[in-house]
Structure formats: C-alpha cells, structure tokens
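The values are calculated or read from the model by the stated rules, or taken from the named source; none is laboratory data. None of these values were measured; they are calculated from a predicted model. We place every Cβ from the backbone using ideal geometry, glycine too, and count neighbours over all the protein chains shown.
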Amino acid sequence: MKKTISCVLFDLDGTLIDTAPDLVACLNKTLIEYDFPPVSFDFVKPNVSFGAVAMIDASIDKNVDTLTRERILETMLSLYENNIATHSDFFDGMREVLAFIESHNIPWGIVTNKRMRFTLPLVKAFDLSSRVACVISGDSTPTPKPHPAPLLAACEQAGVLASECVYIGDAAHDIVAGNTANMYTLAAVYGYLQPNDQPENWGAEALIDSPAQLLTWLKNVL
C-alpha cells in the first residue's frame, strides 16, 4: 500500500549504526581499570540502546557505591568520546537504504537519546553531516524518548509533517514516541533487543529483520 512519506527518521544506536563494538570495548577497558571483571559482548549488548548507565548497571554488582559508579561512568564516556568510531559501522545493507532514500529526494534524519556530545562526532565520523536533514539528540529537547518531543523537533528541523514521517527504532520507547507523534513506526528487531522484549506488542506497523527488509518496505510504500 502506497503511503505519503516525506521523511525517514532513524534511531542511531542499534538501528542506523552498530555502535555496540566501541561502547562495549570502552566499558570493558573501564571495568578492568577499576578492578572489575570484563563482561561478554553478547551479555551487555542488549543494554546498549538504554545508554551507558544501563550498561554499567548490568555489568557490576548492585551494591557498588554511588561514587565508584560515577567514576566508572565518567571514565567510560571519556574513553568512548575518544574512540567514537573505531569499530562501529553501518549495519549491513544500511548504506543501500540511505542511497535509495536519497535517490528519491526524500530527506532523512536521526533522532536518538544519545547525548549531543557523542551524536555529532559520530555523525561527522561517518560523513553524514551534509546528508542528514535533522539530528536530534537526547539533550536536544527537555524530554527524551519515549516522549514525542524529539521526533516533533526533528520534523520542525526538517520542515516536514509528522504524519508523513516513518521512524525506525530498536526499542519500545522508540515506537511509543513515534506512535505518539502520529508517525509510521517500524521496529528494527535486528538491533539491540533485550531477551524479554516483545516487539510484536510494541505497536509498530512492521517488524524489520534487517536493513535489506527495510529497503523492501520502503520500495513497496513509496
């Protein structure tokens, strides 16, 4: 069924770019520095979409004192800031998705809960600064996702109607935000889902298993 799509919006981590390799590497370097054992990539990866604090909480004992937690967070984020795109890359097939969108002269953008301190350098590292119509970070609006404010801010920045946007994300809060903003929503189930996630119950229009499937969806609706 054809739809009026004036803009395609992506979550960043776990949807557009596979950032987990750098985030987990920085977490483990930090854990070792503070005499904690490193964690396996597969164990901590499901927490990536919820930020560094969630990754740390999953990796150390809940009885670790607040000051130590704050130091771990500060060290991890400093490491990550200096290794923003060492191992990260587009998900396989995502370059083709972006090329297809651009070939149809449709603007696209990024709406993430990642802080601007990390979002903009990552966008620059992947040479996307001149390609994106909008970039909204977790601290761009007073309330991050699942509040719709970031998505509505993206629409304003891109000069499009929310009802003519599709938003792709890999977490329930992405789909809630998109639906509340009256957008089409797609759940990127190839992303950083947690074991107990039930994306079929998030309310997305479709579950997307890969960027290749996203490309097929876009070809069918445009």
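General remarks:
- Note on region 129-148: residues that are in contact (Cβ under 8 Å) with a residue 12 or more places away in the chain and assigned to a loop (DSSP other than H, G, I, E, B) total 13.
- Residue within region 188-198 that is without any contact (Cβ under 8 Å) to a residue 12 or more places away in the chain and part of a loop (DSSP other than H, G, I, E, B) present: yes
- Residue in region 149-169 that is buried (at least 16 other Cβ atoms within 10 Å of the Cβ), part of a loop (DSSP other than H, G, I, E, B) and out of contact with any Pro (no Cβ under 8 Å at 6 or more places or on another chain) present: no
- Ala154 vs. criteria more than 24 Å from Ala54 (Cα to Cα), modelled with pLDDT of 95 or more and aliphatic (A, V, I, L, M): yes
Table: residues versus (1) under 21 Å from Thr15 (Cα atoms); (2) within 15 Å of the chain's Cα centre (by Cα).
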position	(1), (2)
Thr68	no, no
Ser88	yes, yes
Pro107	yes, no
Arg131	yes, no
Ile136	yes, yes
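- Scanning region 36-68 for residues that are part of a loop (DSSP other than H, G, I, E, B) and at negative phi yields Phe36, Pro37, Pro38, Val39, Ser40, Ile60, Asp61, Lys62, Asn63, Val64, Asp65.
- Subset of region 199-219 (residues that are in contact (Cβ under 8 Å) with a residue 60 or more places away in the chain and surrounded by fewer than 19 Cβ atoms within 10 Å (Cβ to Cβ)): Ser210, Ala212, Lys219
- Subset of region 109-129 that is under 13 Å from the mean Cα position of the chain (by Cα) and among the basic types (Lys, Arg) - its residue that is farthest from Asn220 (Cα to Cα): Arg115
- Residue in region 103-122 that is hydrophobic (A, V, I, L, M, F, W, C), in contact (Cβ under 8 Å) with a residue 24 or more places away in the chain, farther than 23 Å from Ser140 by Cα and assigned to a helix (DSSP H, G or I) present: no
- Of all residues in region 45-74, those that are among the charged types (D, E, K, R) have Cβ atoms under 8 Å from Cβ atoms of residues that are assigned to a helix (DSSP H, G or I) and surrounded by 15 or more Cβ atoms within 10 Å (Cβ to Cβ), 6 or more apart or on another chain, in Lys45/Ala20; Lys45/Val24; Asp57/Asn47; Arg69/Ile56.
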